[in-house]
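The values are calculated or read from the model by the stated rules, or taken from the named source; none is laboratory data. These numbers come from a predicted model, not from an experiment. So basically every Cβ, Gly included, is an ideal-geometry build from the backbone, and we count neighbours across all protein chains shown.
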Amino acid sequence: MKRIYYIIALLLLLTVQLKAQKVDATLELLVSIAEKDLVTQDPTVQDPVTVNAKLVWAESKKQLAVVIKASIFTDWHIYSKVTKGSPFIPTTIEVKFPEGALLPIGEWEKPFDEEFNESSSIYVGDELFFIRYYNVKDAVKIQGEFRAGLYYQACDPFQCFPPKTKMISL
Amino acid sequence: MALFLHVSFAQEKGINFKKDSFESILALAKKENKLVFIDCFTVWCGPCKELVKTVFPQEEVGSFFNDNFISVAIDMEKGEGVELAQYYQIDSYPTLLFVNSNGDLVTRSSGLIAASTLLENAKIALDKK
């Protein structure tokens, strides 16, 4: 009998977890609208990577998404992946949230990258989106500071700029 | 042995970069009455590697630079490179500097350039000497 209760409890827990992992369909729709609305400054040779970001809330206020947009100047690139031991510096997504406020749902959705050389892949283009969905774990803590951005190192075929972090207050 | 000779010959053809402290490089430049050529690079800079692979090893470049300059390649994120990057305000890589034996800047260029452009820049630096 005890075993049955145990199995039922386990199934309930699994159901709750699966429900928590599911992204609200309307939130996904709001994110796709936000992608169109999110504007970055025009990148230049002096500043070849511009970044903007925003928080997108579900109507229920129980979930939200962080949307980061990067625009890269023509002929410039930032690294998406590098092989172990490669000197090139891969882009990382940086976030600063109030501790315990959010629980991520899955991994970051990242833009398509392209193979650059034998030890690296790169991001190019002026509309690159990095998106992650979260469950709001603690609505009180949500009042704190939210920031998101990218750490990257940009190059064109002729020169490179040192690595840089660009963070946006959300 | 044949391989060793080949490597030695290949190295001699291009720019001979001294491996010494910057202070010693300047002292040598003073002693030989030459300008200093500085290849400012970082390990994560692809175009810097391209310069090393395709431009610096060229015979014409090596011959001209070895006759007229004391050359040094410095990783600007390590050792005294960090301070030099600040001093010369290096904000992109590669940056190529020509300085006198006091360390004063004579001329500079940024980015991957062709051997012919590098030679032109070197001649401009010599004219300003």
Exactly one of (1) more than 11 Å from every other protein chain (Cβ to nearest Cβ); (2) touching a strand residue (DSSP E or B) at 6+ places or on another chain (Cβ under 9 Å) is unmet by B:Val61. Its number? (2)
I want to confirm something. Restricting to segment A:51-95 and keeping residues that are under 29 Å from A:Val23 (Cα atoms), assigned to a loop (DSSP other than H, G, I, E, B) and not basic (Lys, Arg), which single residue is nearest to the other protein chains (Cβ to nearest Cβ)? A:Thr91
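Identify the residue in segment B:89-102 that is closer than 24 Å to B:Val43 by Cβ and surrounded by fewer than 18 Cβ atoms within 10 Å (Cβ to Cβ) and, among all such residues, is modelled with the highest pLDDT.
Only one residue fits best here, namely B:Gln89.
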So, of the residues in segment B:85-98 that are under 21 Å from B:Lys129 (Cα atoms) and touching a helix residue (DSSP H, G or I) at 6+ places or on another chain (Cβ under 8 Å), which turns out to be farthest from the other protein chains (Cβ to nearest Cβ)? B:Phe98
Scanning segment B:21-37 residue by residue, those of a type in the set (A, V, I, L, M) and in contact with a Phe, Trp or Tyr (Cβ under 6 Å, 6 or more places away or on another chain) turn out to be B:Leu35
Would you please name the residue that is farthest from the other protein chains (Cβ to nearest Cβ), looking only at residues in segment A:134-166 that are in contact with an Asp or Glu (Cβ under 8 Å, 6 or more places away or on another chain) and buried (at least 16 other Cβ atoms within 10 Å of the Cβ)? A:Ala148
